[in-house]
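**Student:** My questions will all concern the structure given below.
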Amino acid sequence: MYWEISVTILGLAVLLLTIVVVPVLIQIRRTARSADQVLERVNREMPAILNDLRQTSANIRSATDAARSVSRQISTVVEEYQAIRGKAAAVRDLLKSPFSVPAPGGLLPAGKWSFFASGFIRAIDYLRSRKR
């Protein structure tokens with residue numbers, strides 16, 4: 001009698017285990033199929049994605065090189081502008097001095113040169129305002 005009860009309990013345990021395990025195995029099978037489909041899609045699309053990344057990287061490198069070049073050119077222009085501005089300030093100071101200014105035909109009063117210097121300074125200021 002104990003044998004019969006233990007065999008019945010064991011049979012019920014196996015039946016319950018089978019009832020629980022079968023849906024789990026079915027779900028594992030579906031998940032494996034789904035994962036296989038995803039991996040196939042990734043294998044198909046990955047080369048195109050990598051190619052796009054390479055092109056993007058090349059474009060970024062090209063843009064960076066261009067930006068460096070423009071930056072160097074801007075630095076050169078700024079240095080030249082500062083040099084011209086310094087020379088213009090020296091000319092302005094010279095023209096504002098009470099002394100005469102040497103000219104090809106002789107000495108001219110400083111007042112006649114101040115008109116030229118003010119025009120020159122205005123031109124530089126105009127160029128500077130256009131860069132902003």
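The values are calculated or read from the model by the stated rules, or taken from the named source; none is laboratory data. None of the values given here were measured: they were computed from a predicted structure. Ideal geometry is used to build each Cβ from the backbone, glycine not excepted, and the neighbour counts take in all protein chains shown.
**Student:** Those residues that are within 13 Å of residue 124 (Cα to Cα) and of a type in the set (D, E, K, R), I need them from the range 74-93; list them, please.
**Tutor:** Selection gives 80, 85, 87, 92.
**Student:** Moving to a separate point now. If only one of 85, 44, 61, 92 is among the charged types (D, E, K, R) and surrounded by fewer than 10 Cβ atoms within 10 Å (Cβ to Cβ), which one is it? Explain how you work it out, then say what you get.
**Tutor:** Details: 85 fails: surrounded by fewer than 10 Cβ atoms within 10 Å (Cβ to Cβ); 61 fails: surrounded by fewer than 10 Cβ atoms within 10 Å (Cβ to Cβ); 92 fails: surrounded by fewer than 10 Cβ atoms within 10 Å (Cβ to Cβ).
After ruling out the rest, the residue left standing is 44.
**Student:** Conditions first: (1) surrounded by 10 or more Cβ atoms within 10 Å (Cβ to Cβ); (2) modelled with pLDDT of 90 or more; (3) under 42 Å from the mean Cα position of the chain (by Cα). Residue 26 passes all but one, so which condition is the exception?
**Tutor:** Every condition holds for residue 26 apart from (3).
**Student:** Does residue 71 meet the test of being modelled with pLDDT of 90 or more, part of a helix (DSSP H, G or I) and within 30 Å of residue 120 (Cβ to Cβ)? Walk me through it before giving the result.
**Tutor:** Working: modelled with pLDDT of 90 or more: yes; part of a helix (DSSP H, G or I): yes; within 30 Å of residue 120 (Cβ to Cβ): yes.
Yes, satisfied.
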